[in-house]
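What follows is a single structure, written as structure tokens, with notes after it.
The values are calculated or read from the model by the stated rules, or taken from the named source; none is laboratory data. This is a predicted model, so every value here is computed, not measured. Cβ placement follows ideal geometry from the backbone for every residue including glycine, while neighbour counts extend to all protein chains displayed. These accessible areas exclude ligands, DNA and RNA; they are computed on the full protein's heavy atoms, side chains included. Shrake-Rupley method; radii C 1.70, N 1.55, O 1.52, S 1.80 Å.
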Amino acid sequence: MGTSVLSLRMDGELLERLRQHAARRGMSVQDYVVRTLIRDDFDERFQAAVEETERFYGVT
């Protein structure tokens, strides 16, 4: 799996909040943001799988 670069522009207040959240977890801001995105992506994919399973089995 390769890597790519994503550049974000944000205001100083948001960046400071991200730094604080990351520091509480002993992470860099970059790692914190990436893990948050991965977690959100997993949640969306999991929810889609649950909904598809419910449609397949006719659960309402």
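Take the residues in region 1-38 that are acidic (Asp, Glu) and assigned to a helix (DSSP H, G or I); name whichever of them is modelled with the lowest pLDDT.
Asp31
Restricting to region 29-50, count the residues that are more than 27 Å from Glu13 (Cβ to Cβ) and open to solvent by less than 80 Å² (accessible area, probe 1.4 Å).
3
Are there any pairs with C-beta distances below 9 angstrom linking a residue in region 1-21 that is surrounded by 11 or more Cβ atoms within 10 Å (Cβ to Cβ) to a residue that is assigned to a loop (DSSP other than H, G, I, E, B), with the two at least 6 apart or on different chains, and if so which?
Leu18/Met10; His21/Met27
If you check Arg55 against the conditions, is it open to solvent by 70 Å² or more (accessible area, probe 1.4 Å) and modelled with pLDDT of 90 or more?
No; evaluated as a whole, the condition is false for this residue.
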